[in-house]
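One structure is given here, and the rest of the page talks about it.
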Amino acid sequence: MATAADTIEAPPAPPPPAAQPYLFHRHALLVRVTHWTNALAIFFLLMTGLNIFNAHPSLYWGPYGASADAAHRWLEIGSKNVGGEARGFVRVGDVTVTTTGVLGLSTAPNGGPNPIAYPSWATFPSYRDLATARNFHFFFAWVLILNGLAYLGYSLVSGHLRRDLLPKPGELSPANIAHDIVKHAKLQFPKGEEAKRYHVLQKLAYGGVILVLIPLVILTGLGMSPANNAAWPWILDVFGSRPNARSLHWVAANLIGLFIIVHLLMVVLAGPINEIRSMITGKFRIDPEKA
Ligand code: HEM
C-alpha cells in the first residue's frame with residue numbers, strides 16, 4: 001500500500017554554486033620584469049634603428065654594399081621628381097611603390113617637405129642625428145641582450161619555456177592550428193581552464209620572437225659591429241657578408257615590428273585591463289565558462 005512518503009516528491013536538488021571569477025597567478029616576477037624591460041629596449045631600438053637606416057636608406061645582398069653598388073641593391077627608400085612633383089617611393093627589386101607622405105617623402109615638424117626615408121615621428125631622435133641614434137641603439141642592444149639572457153636562463157631552468165611556450169606535439173596539427181585561426185577570426189578567446197594556457201598561435205608567435213627573431217637581430221647586429229666582428233668573426237661568416245647581415249637585421253626588425261602590432265591588437269581584443277594587469281601584478285582573472 002502506498003504511503004504518504006511514497007507520493008511526496010523529493011525536494012529538488014539545490015543548484016550548483018554559481019562559478020565565480022577568480023584570480024590566477026599567471027606570470028612570474030622575472031618574466032614580468034624582463035617583459036617590460038624588453039618592451040622599453042625594443043621601443044628605443046626600433047626608433048633609433050630607423051634613424052640609423054635614414055643615413056643610408058638602401059639594402060644590398062652580396063659581398064658589397066655602397067651607393068655605387070646598384071647591382072646588389074634590393075631595397076631603396078627615397079624621393080624623386082616626377083613631372084616637377086616630388087614623390088616618395090619604396091623600391092624592392094623591380095617593383096616601385098609610391099609612398100609619399102609616409103616613406104621617402106613626409107612632412108617635417110615645421111610643416112615643410114621632408115625628403116627622408118622614415119618620417120620624423122617614427123625615429124628617435126626625431127631629426128637626423130646618426131651619432132645620438134647609434135649611442136642609444138648600442139646601449140639598448142646590450143640591455144636587450146642581458147635582459148634576454150636573464151629571461152632565457154630563467155625560462156630554461158624553471159621549465160617555463162618547455163611547459164608554457166613550446167607547443168606540445170599534438171598542438172601543431174594542421175587541424176588544431178586551423179581551429180585556432182577560426183576562433184581568432186571570430187574573436188572568440190579562451191575562457192575558464194583553457195584561458196590559463198597559451199594557445200598554439202600565441203606559442204608560435206612568442207616562440208618565433210624569442211627563439212628566432214630576437215636572436216637573429218642580435219647576431220646580425222653583432223656581426224655588423226666592427227669591434228664585435230673582430231672578436232667573433234665567425235658571425236659574419238654565417239651570414240656571408242656585412243650587407244647580408246644588414247639586410248637580415250632590417251627584415252628581422254620589421255617582423256618584430258609586425259609582431260608588436262598584432263600582439264598589441266590581441267591584448268586589446270582579449271581584454272586589455274586583465275591582460276596588462278597580469279603582466280604587471282602577475283594575477284590574471286579567470287572567468288568561468290558559460291554552460
Ligand atoms: C607596450 C607594449 C606591450 C604590451 C602592452 C604587452 C603586453 C603583453 C601581455 C599583456 C602579455 C601577457 C599575455 C598573456 O598572458 O596572455 C604579454 C606577453 C608577452 N609579450 Fe608583450 N607586450 C608589449 C610589448 C612586447 C614586445 C615589444 C615584445 C617583444 C618583441 C613582447 C613579447 C611578449 C612575449 C614573448 C610574451 C610572452 C611572455 C612569457 O610568457 O614568457 N611584448 N605581453
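What the table below lists for this structure:
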| quantity | calculated |
| --- | --- |
| Count of residues meeting criterion [at pLDDT 95 or above, in a helix (DSSP H, G or I) and either within 12 Å of the ligand (Cβ to nearest atom) or over 22 Å from residue 268 (Cα atoms) (or both)] in the range 178-222 | 23 |
| Checklist (1) at pLDDT 95 or above; (2) hydroxyl-bearing (Ser, Thr, Tyr); (3) assigned to a loop (DSSP other than H, G, I, E, B) applied to residue 48, failing item | (3) |
| Flag if residue 291 is of a type in the set (A, V, I, L, M), surrounded by 14 or more Cβ atoms within 10 Å (Cβ to Cβ) and at pLDDT below 95 | no |
| Filtered residues of the range 28-50 (kept if touching a helix residue (DSSP H, G or I) at 6+ places or on another chain (Cβ under 9 Å) and more than 18 Å from residue 260 (Cβ to Cβ)) | 28, 30, 33 |
| Residue in the range 124-134 that is in contact with a helix residue (DSSP H, G or I) (Cβ under 6 Å, 6 or more places away or on another chain), within 16 Å of the ligand (Cβ to nearest atom) and more than 22 Å from residue 222 (Cβ to Cβ) present | no |
| Within the range 161-179, tally of residues that are aliphatic (A, V, I, L, M), surrounded by fewer than 11 Cβ atoms within 10 Å (Cβ to Cβ) and either touching a helix residue (DSSP H, G or I) at 6+ places or on another chain (Cβ under 8 Å) or not assigned by TED's automatic domain parsing to the domain that holds residue 201 (or both) | 0 |
| Within the range 203-214, tally of residues that are without any contact (Cβ under 8 Å) to a residue 12 or more places away in the chain and either β-branched (Val, Ile, Thr) or surrounded by 15 or more Cβ atoms within 10 Å (Cβ to Cβ) (or both) | 1 |
| Qualifying strands (runs of 3 or more DSSP E) (wholly inside the range 53-122; at least 3 residues being among the β-branched types (Val, Ile, Thr) and either at pLDDT below 95 or farther than 24 Å from residue 137 by Cα (or both)) | 95-98 |
| Failed condition for residue 248, given (1) assigned to a helix (DSSP H, G or I); (2) away from the ligand (no atom under 12 Å from the Cβ); (3) surrounded by fewer than 16 Cβ atoms within 10 Å (Cβ to Cβ) | (3) |
| Residue 167, sole failed condition from (1) touching a Lys or Arg at 6+ places or on another chain (Cβ under 9 Å); (2) farther than 18 Å from residue 55 by Cα; (3) part of a strand (DSSP E or B) | (3) |
| When residues of the range 251-263 are limited to those that are of a type in the set (Val, Ile, Thr) and closer than 18 Å to residue 222 by Cα, the one farthest from the ligand (Cβ to nearest atom) | 251 |
| Leading residue by the ranking (nearest to residue 62 (Cα to Cα)) among those in the range 264-281 that are within 14 Å of the chain's Cα centre (by Cα) and near the ligand (Cβ under 10 Å from one of its atoms) | 264 |
| Contacts under 7 angstrom Cβ, first residue in the range 242-270 being closer than 30 Å to residue 191 by Cα, partner at pLDDT 95 or above and of a type in the set (Val, Ile, Thr), 6 or more apart | 256/42; 256/209; 256/217; 259/209; 267/276 |
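The values are calculated or read from the model by the stated rules, or taken from the named source; none is laboratory data. Predicted, not measured: the structure shown is a model, and the values here were computed from it. Don't worry about glycine lacking a Cβ; one is built from the backbone with ideal geometry, like all the others, and counts go over all protein chains shown.
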